[in-house]
Amino acid sequence: MGRLIYSMIMSLDGFISDERGNFDWAEPDEEVHRFANELERSIGTHLYGRKMYETMVYWETQGDDSDVGREYAQIWRAADKVVYSRRLDRASTRKTRVEREFDPADVRKLKLASARDLAVAGPELAAQALHARLVDELDLFVVPVIVGGGNRALPHNLWAKPRLTEERRFGNGTVFLRYEIVHS
């Protein structure tokens, strides 16, 4: 059975982008990127909302500017992808299917049938998965910047008591925090 992991790069004050939608402050340096690549190797299927999918499509044809970028692009291209969107008619990437609605029962079945982990990306979709108690792990990359507002990494009306299982500090000040979410 696969675990569902919500992995996100966020500011110190908990945002994935600022009020203008800017997230250039979140670009990982080589050390952080290489670590993230290792985490991504366990992912067999990515679950995306439309906006996050459109951001990630970059990796289908790009990512050749550095060794670490090429490596990530290969890992990303090899994984299956499910995009939840009412507006997207078809996916523009290989190994991708579009679903109109996020159905927690379908995601539970996907987790049960999967030999590899699944990742949910995008705060809106992750909020649905978190509220449905589907997320097993939070992998948060906290960047030492305060943006003051924008798109929240975690929903404001979520209550959980995750258990810290791993932490790592990087030379650029980014901190990785892994939390297990135990569902009772």
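The values are calculated or read from the model by the stated rules, or taken from the named source; none is laboratory data. Given the structure is predicted, the values throughout are model-derived calculations rather than measurements. Here the Cβ is made from the backbone with ideal geometry for all residues, glycine too, and neighbour counts use every protein chain on show. Side chains included, ligands, DNA and RNA excluded: accessible areas come from the protein's heavy atoms. Shrake-Rupley method; radii C 1.70, N 1.55, O 1.52, S 1.80 Å.
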> List the pairs whose first member sits in the range 112-129 and is in contact (Cβ under 8 Å) with a residue 60 or more places away in the chain, whose second member is buried (at least 23 other Cβ atoms within 10 Å of the Cβ) and of a type in the set (Gly, Ala, Ser), and whose Cβ atoms are under 8 Å apart, counting only residues at least 6 apart or on separate chains?
Replying inline: 120/126
> Name the pairs whose Cβ atoms lie under 6 Å apart, with the first residue in the range 146-159 and at pLDDT 95 or above, the second assigned to a loop (DSSP other than H, G, I, E, B) and among the hydrophobic types (A, V, I, L, M, F, W, C), and 6 or more positions between them or separate chains?
Replying inline: 146/12
> Got a number for residues in the range 66-95 being without any contact (Cβ under 8 Å) to a residue 24 or more places away in the chain and either charged (D, E, K, R) or open to solvent by 10 Å² or more (accessible area, probe 1.4 Å) (or both)?
Replying inline: 9
>> Return the residues of the range 37-60 that are among the small types (Gly, Ala, Ser) and surrounded by fewer than 19 Cβ atoms within 10 Å (Cβ to Cβ); say none if nothing qualifies.
In response: 42, 44
> With respect to residue 105, is the statement that it is over 21 Å from residue 51 (Cβ atoms), free of Cβ contacts under 8 Å to residues at least 12 places away in the same chain and either open to solvent by 30 Å² or more (accessible area, probe 1.4 Å) or in contact with a Lys or Arg (Cβ under 7 Å, 6 or more places away or on another chain) (or both) true?
Replying inline: yes
>> I'd like the full set of residues that are of a type in the set (Ser, Thr, Tyr) and touching a helix residue (DSSP H, G or I) at 6+ places or on another chain (Cβ under 7 Å), limited to the range 46-65.
In response: 48
> In the range 105-159, which residues are under 13 Å from residue 10 (Cβ atoms), part of a strand (DSSP E or B) and within 12 Å of the chain's Cα centre (by Cα)?
Replying inline: 121, 138, 139, 140, 141
> If residue 163 passes every condition in (1) under 15 Å from residue 4 (Cα atoms); (2) at pLDDT 95 or above; (3) not aliphatic (A, V, I, L, M) but one, which one does it miss?
Replying inline: (1)
> helices (runs of 4 or more DSSP H) wholly in the range 36-99 with at least 2 residues that are small (Gly, Ala, Ser) - which ones?
Replying inline: 67-78
> Do we find a residue being open to solvent by less than 90 Å² (accessible area, probe 1.4 Å), among the aromatic types (Phe, Trp, Tyr) and modelled with pLDDT under 95 anywhere in the range 3-10?
Replying inline: no
> Of all residues in the range 142-184, which are of a type in the set (S, T, N, Q) and open to solvent by 40 Å² or more (accessible area, probe 1.4 Å)?
Replying inline: 151, 157, 165, 172, 184
>> One residue is enough: does the range 12-26 have a residue meeting the conditions part of a strand (DSSP E or B), open to solvent by 20 Å² or more (accessible area, probe 1.4 Å), over 20 Å from residue 116 (Cβ atoms) and among the aromatic types (Phe, Trp, Tyr)?
In response: yes
> Among 7, 42, 17, which is under 23 Å from residue 142 (Cα atoms), hydroxyl-bearing (Ser, Thr, Tyr) and touching a Phe, Trp or Tyr at 6+ places or on another chain (Cβ under 6 Å)?
Replying inline: 17
> Among 129, 121, which is closer than 29 Å to residue 30 by Cβ and open to solvent by less than 20 Å² (accessible area, probe 1.4 Å)?
Replying inline: 121
